[in-house]
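Everything on this sheet refers to the single structure shown next.
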Ligand code: PLP
């Protein structure tokens, strides 16, 4: 029996009746939009909630340190804080909210699922909602990948799925080590941390992080080979090929190569498509499974449903989270059936059956498909990139503007410093912090990432409009001007 023939009716799967929600949604969007248009420059003072958070929450807290906001309401691309200030949210749950905040289709399915009597805690038992979700995930993949795919439901976060992927390939190959890349980010659990390029979060953990060999990522602006362009891509591939071929490279054949097709936290660095194709070829030739971590790039973000599709390649293992659960916590690993050598219970965990997240994920995928939000991301991303690149001509502190789809970064540099042989100037982290703050004062939330935190990152919801994109670029231009003054 085919998967689709086995589907079952269930109240949670009824066609969404968004009409009841839509007016409220539209009303709040236009209210917040109007208030955003009428805003003055915000004075970012303190608030008792932030003060209490500072006193009581772990010192590991991250985002509120540079984005001191206590959030109250949100709709679409807009977020309102407890003081009634409205912002355009280009952080969007670190790229999670493909449909923006509180999309009516997501709210509707959540309400229907809650009222349907479905057991919300389901371990890894199947349910009609899970069955639908599994079909939707497979349906989102290219048919050639879906045909041989198996899915492992993981703990709720992206890092949990990365951990599962590592266990999967180590079990299937019997090998221990993994190749990862400079600048890589795969999460903060101990196994995922071993793959991280940034040493900062690892030093406090001493010597427990082993088993990973780091390769140069094709970061054109700061080419690790000092070459840049096609020559840098060719050198990178030759280097990895040699490392895997040379019996005296000192590097054992790895259990996998893991990468992001567009490095996100590493500074929004899209790998050249020729490099991705070359790497795929190398991995096949050396019989090494290729893991694509699409936790951040998946589900339309880069202008295709998955970032690997730009290069026309196929992963052996695909790691998915963030947008997968429609804003709720959920992660999976999708992999080729030949790697399915796990014994029963080899990977378990209590919270792998989040029915609400699966329902929200299915609803999100339906909207993505119906509204062609992947194509919209390509078009609107190009629009934003063009405007940011135009700003780069006026501001010497803009080292590079780059991205794929609605995943865009602006690398800020020290304009007063001398450029290197490739024409790149040193990073300017202090300026990046100032620009982020000036954006916030003007009603725009952006995040920083990349080497030394000097890359301003834009990850807006995929439902952002052209007019909102233009407003984002306009605010960023003003922020640059204020921060550079
Ligand atoms: N992999 C990538 C590419 C990511 O960008 C992230 C998070 O930003 C993760 C893994 C980890 O996901 P999580 O923070 O949900 O553990």
By the mean-Cβ-within-10 Å protection proxy, highest first, 278-284, 98-104, 215-221 rank as 98-104, 215-221, 278-284
For region 211-295, the convex hull over Cα atoms projects on average to an area in nm² of 5.6
The Cα radius of gyration of region 118-370, divided by 2.2 N^0.38 Å with N its residue count, comes to 0.99
Rounded to the nearest 500, the 222 nm mean residue ellipticity computed for the chain from DSSP H runs (n ≥ 4, each -39500 (n - 2.57)) alone is -12000 deg cm²/dmol
Counting only DSSP beta bridges fully inside region 118-370, the antiparallel percentage to nearest 5 is 50
Residues of region 179-194 with backbone N under 20 Å of the label point set 7 Å from the Cα of residue 204 along Cα→Cβ are 185-194
1/(1 + (r/R0)^6) with r = Cβ-Cβ of residue 366 and residue 287, R0 = 45 Å, i.e. FRET efficiency to nearest 0.05, evaluates to 0.70
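Please work out how much length the chain gains when fully extended from residue 253 to residue 466, using 0.36 nm per residue of separation minus the C-alpha to C-alpha distance, in nm with one decimal.
Here the segment from residue 253 to residue 466 would lengthen by 71.9 nm.
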Mean Cβ-within-10 Å packing, highest first, puts peptides 158-165, 169-176, 53-60, 37-44 in the order 158-165, 169-176, 37-44, 53-60
Using alpha carbon centers only, region 451-485 is separated from region 303-349 by a whole-angstrom value of 31
For region 373-452, the Cα gyration tensor yields equivalent-ellipsoid semi-axes (√(5λ), largest first, whole Å) of 23, 16, 11
In nm, the gap between the two label points placed 7 Å beyond Cα toward Cβ at residue 245 and residue 61 is 5.4
With 0.36 nm assigned to each residue of separation and the Cα-Cα distance removed, residue 225 to residue 213 gains 2.6 nm
Label model pair residue 189, residue 350: point-to-point distance (7 angstrom along the Cα→beta-carbon line) in nm is 1.5
Once the mean of 1/r over all distinct C-alpha pairs in region 126-213 is inverted, the Kirkwood radius in Å reads 15.0
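Strictly greater than 36 Å: what percent of every Cα pair in the chain meets that?
For the chain, the share of Cα pairs beyond 36 Å comes to 30 percent.
Since every read-out is calculated from the coordinates, none of them should be taken as a lab result. Since the model is a prediction, treat every value here as computed from it, not as a measurement. FYI the Cβ positions are ideal-geometry reconstructions off the backbone, even for glycines, and counts take in every protein chain you see.
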